[in-house]
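Chemist: Got a structure for you, questions after.
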Amino acid sequence: MRATLALRDLPRDAVAVMVVRPPVPHVAMRPLWRCRNCGREWPCQPAKLALLTEYRDSRTALLVYLGTLMHEATTQLTQLHPDHPPARMTERFLSWARART
């Protein structure tokens, strides 16, 4: 049996403490390459937006960075699942970040 405590059961001079956890950023959880915050394939939409904002002055640097991460992710995911190599990695890591014309 589980006991529950309602606010009405607390003494009038009781102090309520609220625990606030810091937000979890949308970063890759390696070697699974899932988002630490939302669990989706990384980079998830919030991560993409954050990366585009961070690299707004240098799309080339963003693509180099993402290419490096794509290589790392492909290597790690292949090691985890040798019978099922990762698919659509270029689309997942690079296609969305190319400059629109």
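Chemist: With the requirement that a residue be open to solvent by less than 50 Å² (accessible area, probe 1.4 Å), part of a loop (DSSP other than H, G, I, E, B) and hydrophobic (A, V, I, L, M, F, W, C), what does segment 73-101 give you?
Modeler: Passing the criteria: only Leu94.
Chemist: Say whether the condition of being farther than 25 Å from Gln79 by Cβ, loosely packed, with under 14 Cβ neighbours inside 10 Å and either touching a residue at least 12 places away in the same chain (Cβ under 8 Å) or more than 8 Å from the chain's Cα centre (by Cα) (or both) is met by at least one residue in segment 37-46.
Modeler: So far as segment 37-46 goes, yes, one or more of its residues are farther than 25 Å from Gln79 by Cβ, loosely packed, with under 14 Cβ neighbours inside 10 Å and either touching a residue at least 12 places away in the same chain (Cβ under 8 Å) or more than 8 Å from the chain's Cα centre (by Cα) (or both).
The values are calculated or read from the model by the stated rules, or taken from the named source; none is laboratory data. Note that the coordinates shown come from a computational prediction; the quantities given were computed from them, not determined experimentally. Note that each Cβ is placed from the backbone with ideal geometry, even for glycine, and that neighbours are counted across all protein chains shown. These accessible areas exclude ligands, DNA and RNA; they are computed on the full protein's heavy atoms, side chains included. Shrake-Rupley method; radii C 1.70, N 1.55, O 1.52, S 1.80 Å.
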